[in-house]
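The values are calculated or read from the model by the stated rules, or taken from the named source; none is laboratory data. Keep in mind the model is a prediction, meaning the values are calculated, not measured. Heads up, the Cβs are rebuilt from the backbone with ideal geometry, glycines too, and the neighbour counts pull from every protein chain shown. Side chains included, ligands, DNA and RNA excluded: accessible areas come from the protein's heavy atoms. Shrake-Rupley method; radii C 1.70, N 1.55, O 1.52, S 1.80 Å.
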Amino acid sequence: MVERHQDFERLCDDYVDGRLDDLRTRAVRGHLRSCLSCTTRVEATQRLVAAASELSSIDPPSSMWSKIAAGLDEDEVRLADHGRLWWLWQGLARRLAFAGGALAVASLCIWAVALRGRTALAPALQTVRLHPSPESLYENALHEVERAQADYQAAVSDLRTIATGERARWQPEVQIAFDANLATIDAAVGRQAELARRNPGDVAVADALSESYRKEIDFLQDAVMRGQLQ
Amino acid sequence: MALAALVPASAALADTAAEDGFLVERDNVEISPAKSIHIEAIDVDNRLGDVQIIGRDQPGVTLAVVKRAPDEATLDRLHINLPVPDPKAGVIKISTALLIGTEARPIAAGQVRIDIKIFAPRDVTVQARAWNGKLGVTGMESGATLLAHDGDIVVSNVKGPVTTTSMRGRQQLSDVSGKVSADDTFGDLALEQISGEALAARVHRGTVTASRVRSRAVAITTTFGDIEFRGELLAGGHYELRSYHGNVDVHGSGAARIDAFSRDGQIRPETELRDVMRSEAGRLTGSFGVSDTPAVLLMSSTAGRVVFGLTPGH
C-alpha cells in the first residue's frame, strides 16, 4: 500500500500541472479521494500555482458538472485500483502514441511538400515573410560570392575543354607558350583563391579573385580563337 | 578649412514607411561644394541594390536613397558611408554596407536593399559597382567604369570612355560617344549608336548585338554566342568579329577588304566581292567598294556560320 502511495505521490505535480493524460488524471483523482496526504500536497501546490499566476481561472458552473461528476466518480475509484503494470503501460503507450503521431505528421508534411513541389511553390513562399538575422544575410552573401566564383570556374572549364581540343592544331612553340602562360595564370588564380578562402567576407580579396578569373577567361578565349588566324 | 568647405550644406531628409510588408526608408542628401572645389569623380560601391547616376547641368550632387528591410532592426543595420571627400582629389566616395555585429560589411544581400539615385554634374567621371542590382548611367560626359555581377548595366547618352564588366547581367549601351570596352561572361550585350575611336566587346556565353556603330576600331569576341553587327565601315577602320561556336552576321556600308573564316560552318556572302580568293578551306578573302583606305573586315567562327552583306558607303 505504501508503494502505491509513492507511485501516486510522484504524479502529484504532473497532475497539478495538467501534464497527465486523461486516464491517469482520473486515477489520481480517485486516489486523492482516499489519501489525505496526497490531497493536502495537491491542494498546497494548487494554491501556490494560483498565487503565482495573475490570471483568473474560469470555473465551469457547478450545475453543469454536478451530474457528470457523479458518474465519473465511480469510474475514477475503479481506475485507482489498477496494478503497477497498468501505470507503466499508460506511460509507455502515451509515448508510443506521441511518436507515432509525430511520424504521421512528418510523413504528411513530406507528402505535402512533395506535392507542392510539383506545383508552383514560389508564389506560396512569397507570402511567407521571414525576418532574416544579420548573420543569415551575411551567410547568404558569402554563398553568393561562392556561386560567383563557381560561375567563373565554369567559364574557365568551358574554355579549357575547347583549348584542349584546339591545341593539337597549334604550332609546337605556340603550345609551349600557351602552357607556360596558363601555368603562370593558374598559379596566380590559385594564390588568390587561397587568400579568398582564408578571408571570407573580404570583398577586396573576392574582387581580386574575380578579376583573376576574368583575365584567365580572356587569355583562354584568345587562345581558342588562335586557329582562326591566317 | 577646405574639407569643411567642400560640404558646407549637406542636408538630409529621412522618411520611413511600410510598403508591401517591408519597411522603406527614404533619404535625400544634398552635397554642395564650395565654389573653389571641383568635383572630379564619383565612386559608388553599392552591392545591396541599384545604382543610377544621372547627369545634370547644376553643381553639387544629390543623392536619393531608398532602403528596404523586413524590420526596423535590419533597416537600422543598412549603412551608407559618405565620408568627407578629399578636396584635392575631388572624389566623392559612396559605399553601402550591412552592419553585422559591430562590423560593416559591403556585401550583396537579397532580402534587404539599398537603391541609390545620384544626380551629378555631367562632367564628373563615374565609377560604380553593384552586385545583383541594376547599374545605370545617363547624361554624363566624362565616361564611366561600371562593374556588376548579376545586375544589368544600362548606359545611355554618355560621352567619354566607358568600361563595363558583368558576370551574368545583360548590358545595354546606347548613344555612347567614346572608347567603349564591354565585357560579359554569361550575359547578352546590346550596343547601339556607339561612336568613338574604339569598341571592344567580349562575351563568353551570350550574344552581342551591335547596331549603328561608327567606331573606327571594333573588336567583338564571343565563345558561344552569336554576333550581329550593323554599322558603317569607316575608311581606314579595322573590324574584327570573332566567335568560336556562334554565328557571325555583318551588314554594313562602306568599302572594305574582307577576310572571312569558318572552319566547321559555312561562309555566306550576300554581296559580290572583287579579287576573291580561297587560300585555304573555310577561308574567303576579297574586296568590296572603292576607297584609298578601305576598312579591314575580319569575320570568323570556328564552328558557326559567317554571313555578311555590304552596301557602298556615302
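Things to note:
- Residue list for segment B:45-61, restricted to those being away from chain A (no Cβ under 14 Å) and under 29 Å from A:PRO134 (Cα atoms): B:ASP50, B:VAL51, B:GLN52, B:ILE53
- All positions within segment A:166-206 that are open to solvent by less than 80 Å² (accessible area, probe 1.4 Å) and part of a loop (DSSP other than H, G, I, E, B): A:TRP170, A:ASN199, A:PRO200, A:GLY201, A:ASP202
- Scanning segment B:282-302 for residues that are within 12 Å of chain A (Cβ to nearest Cβ) and either assigned to a strand (DSSP E or B) or out of contact with any Ser or Thr (no Cβ under 9 Å at 6 or more places or on another chain) (or both) turns up B:ARG283, B:LEU284, B:THR285, B:LEU298, B:MET299, B:SER300, B:SER301.
- For segment A:213-230, the set of residues classified as more than 10 Å from chain B (Cβ to nearest Cβ) and crowded, with 19+ Cβ neighbours inside 10 Å consists of A:GLU216, A:ALA223, listed by residue number.
- Number of positions in segment B:48-57 that are open to solvent by 10 Å² or more (accessible area, probe 1.4 Å) and outside any strand (DSSP E or B): 2
Residue-by-condition table, conditions (1) surrounded by 20 or more Cβ atoms within 10 Å (Cβ to Cβ); (2) modelled with pLDDT under 85; (3) under 19 Å from the mean Cα position of the chain (by Cα):
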| site | (1), (2), (3) |
| --- | --- |
| B:ASP43 | no, no, yes |
| B:PRO59 | no, no, no |
| B:VAL91 | no, no, no |
| B:THR102 | no, yes, no |
| B:PHE119 | no, no, yes |
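- Of the candidates B:ALA210, B:ALA198, B:ALA182, the single residue that is open to solvent by 20 Å² or more (accessible area, probe 1.4 Å), at pLDDT 95 or above and assigned to a strand (DSSP E or B) is B:ALA198.
- Every residue from segment B:61-85 that is in contact (Cβ under 8 Å) with a residue 60 or more places away in the chain and outside any loop (DSSP other than H, G, I, E, B): B:VAL61
- Only a single criterion out of (1) in a helix (DSSP H, G or I); (2) in contact (Cβ under 8 Å) with a residue 40 or more places away in the chain; (3) within 13 Å of chain B (Cβ to nearest Cβ); (4) over 36 Å from the mean Cα position of the chain (by Cα) is not satisfied by A:SER210, namely (4).
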